[in-house]
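Notes for the one structure printed next.
The values are calculated or read from the model by the stated rules, or taken from the named source; none is laboratory data. No experiment lies behind these values; they were computed from the predicted model shown. Cβ placement follows ideal geometry from the backbone for every residue including glycine, while neighbour counts extend to all protein chains displayed.
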Amino acid sequence: MTSSPEKISRGAVFVRGTVQGVGFRWWTRSRALELGLAGFARNTTDGRVEVVAEGRRESVERLHELLREDPSSARRPGSVASVSAPRWEEPRGESGFVER
């Protein structure tokens, strides 16, 4: 996939740490919408949160930066131990950003 910032991209990451039951998905949704992204944030059965975001590549990358940032400049709830490397996929035409 090319890295053009204007190209629509879809990136997925898994976030590990204290990220369930603390408002993390809500916070992620708010940041994604501010960045003009679509997609979702959902809890996984093993305690992680999966974040899938679709939009301008630079905006998806910025969301990933905000997820990793330590300390958080955007008042991220919970604590993040690690964020996986992004898995880049073909865009699916998502609309809106939801918590699952």
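Among the candidates ALA81, ALA41, single out the residue that is over 20 Å from ARG10 (Cα atoms) and at pLDDT 95 or above.
Only one candidate passes the filter, namely ALA81.
Going through ARG42, ARG76 one at a time, which residue ends up being at negative phi, touching a residue at least 24 places away in the same chain (Cβ under 8 Å) and either among the hydroxyl-bearing types (Ser, Thr, Tyr) or assigned to a loop (DSSP other than H, G, I, E, B) (or both)?
Being at negative phi, touching a residue at least 24 places away in the same chain (Cβ under 8 Å) and either among the hydroxyl-bearing types (Ser, Thr, Tyr) or assigned to a loop (DSSP other than H, G, I, E, B) (or both) holds for just one of ARG42, ARG76, which is ARG76.
Quick one: in the stretch 45-73, of everything that is part of a strand (DSSP E or B) and either touching a residue at least 60 places away in the same chain (Cβ under 8 Å) or of a type in the set (Val, Ile, Thr) (or both), which residue is surrounded by the most Cβ atoms within 10 Å (Cβ to Cβ)?
Among those that are part of a strand (DSSP E or B) and either touching a residue at least 60 places away in the same chain (Cβ under 8 Å) or of a type in the set (Val, Ile, Thr) (or both), it is VAL51.
With (1) buried (at least 18 other Cβ atoms within 10 Å of the Cβ); (2) touching a Ser or Thr at 6+ places or on another chain (Cβ under 6 Å) as the list, and SER79 as the residue in question, which single condition is left unmet?
(1)
Residue by residue through the stretch 84-100, note down the ones that are over 15 Å from PHE14 (Cβ atoms) and surrounded by fewer than 18 Cβ atoms within 10 Å (Cβ to Cβ).
GLU90, PRO91, ARG92, GLY93, GLU94, SER95, GLY96, VAL98, GLU99
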